[in-house]
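What follows draws every value from the coordinates through simple rules; no lab data is involved. Just so we're clear, the structure is a prediction, and the values are computed from it rather than from any experiment. Cβ atoms come from the backbone with ideal geometry, glycine included; neighbour counts cover every protein chain shown.
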Amino acid sequence: MGTVNRKIARTILKKHLDADDPLGWFEELYAMANDDPEIIPWADLKPNQNVVNWLDLQAGMSRGHALTVGSGLGDDAEELSRRGFHTTAFDISASAVAWSRKRFPQANVTYVQADLFNAPEQWQNKFDFVLELYTLQVLPPDLRAEAARCIASFLAPGGILLVIARAREPDEPMGAMPWPLTLEELQPFEAVGLQTMAFADYWDEEDPPVRRFRATYRRQAI
């Protein structure tokens, strides 16, 4: 996330938080960018390396229906599709969804504009794999537990959820968006019945390195 781009995003975020509209800033940011990815702090225009590294280790994983939460400009969704998943990707920003479709006109990914907190009913218990990458950490803290519950609800029985986020200790400052999460803020996934399959607390390969949590959960099969 470039320094200048962070400032733009944080300014827009503050305006919406002050107006008690914690989700509206995503659309304003993408619309303002007007197809210029330099404006979007998290737009690397390639699949996230943390996700790629994890997928490379899942050679035996079945390729069913996958959902990408907060899909942005679509690179991670396209990577899942390339690896054989039947992929749906959603973002609350209609501009982000339109931009993704423009970038990948021949895509097999289904791009949908949707609100995590009011997602289509047919997504409940549907997906064999759900990717949550950096969405929780850009939501205000009071929305995160409900967001986790909504994300977990998309998993089919036996389905797998991968969560990756910036990390911090509870006594460390929250900092500015993107806000690092504490381990406690991941607990709602277990509270709604998901089983933790694997957990990693690590420093990634960015310059400078960033501490992250990577958690893999599974919904119990029927």
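A few comments on the model shown:
- Take the Cα radius of gyration of the range 45-218 and divide it by 2.2 N^0.38 Å, N being the number of residues; the result is 0.98.
- Built amide H within the under 5 Å cut-off of L181, gap 5+: R166, A167, R168
- Efficiency of FRET between A94 and K14 - r from beta-carbon atoms, R0 22 angstrom, step 0.05: 0.50
- Bridgeable lysines around K7 (alpha carbons under 28 Å apart, same-chain partners fewer than 8 residues away excluded): K15, K46, K102.
- Relative contact order of the chain, taken over Cα pairs closer than 8 Å and 6 or more residues apart, is 15 percent.
- Size descriptors for the range 1-67 (Cα atoms only): Rg and Dmax, in that order, 16.2, 47 Å.
- Structure-based [θ]222 nm, the chain - -39500 (n - 2.57) summed over DSSP H runs of at least 4, per residue, nearest 500: -9000 deg cm²/dmol
- Label point 7 Å beyond Cα of A200 along Cβ direction - residues of the range 156-176 with amide nitrogen under 20 Å: 160-169
- Nonlocal amide H pairs with Y134, under 5 Å, H built at 1.01 Å: I164
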